[in-house]
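Input: a single structure, listed below in structure tokens.
Quick note: the coordinates plus some simple rules give every number you see, no bench work behind them. In this text, all values refer to a predicted model and were calculated from it rather than measured experimentally. Here the Cβ positions follow ideal geometry from the backbone for every residue, glycine too, while neighbour counts run over all protein chains shown.
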Amino acid sequence: MVSTRRVIDEVGDYVLELGSPQEDASHVSQVLLALTTQKGSFLPDSTFGSRLHEIKTLGSNSDLKAIRFVHLALKGLVDRGAISNLRVAAEARDGRLPIDIDYTDSGGFPRQVRHTHEV
């Protein structure tokens, strides 16, 4: 049975559906939360979050750093079996670092998430 979670948007707010928080079995909310939370800032679990905030300027290796940081941030979801077949791509342009994340959720459905890291 796939567990359900509340859907959050990129700002961290719950997404409402008919006045109640929308349910999410795809783990998209968990992926976004892991990417937007600075690693070490979540007191109950200092390993939760990402190091994307460390990328302050776009250089020749920013893409590779972002890919590595996303894999590290999502390692817990992969280890728990919540997501699998994780693929990450990033390409810096115009002062932004768009990151495309593809994975298979625990229900076997392919999912895509795009997160843009502002520099």
- Other residues with Cβ under 9 Å from the Cβ of Leu72 give, with Lys and Arg +1 and Asp and Glu -1, a net charge of +4
- Residue order, fewest to most beta carbons within 10 Å, for Phe42, Phe69, Phe48, Phe109: Phe109, Phe42, Phe48, Phe69
- Item | Selection of GluC sites (Glu not before Pro), the stretch 51-119, meeting DSSP coil and at most 15 other Cβ within 10 Å | Glu91
- Relative to the present Cα-Cα distance, how much length would full extension add between Thr57 and Asn85 at 0.36 nm per residue of separation? 7.1 nm
- Message: Could you work out how much longer the chain between Phe109 and Ser41 gets when fully extended? Use 0.36 nm per residue separation minus the Cα distance between them, nm to one decimal.
- Response: 21.4 nm
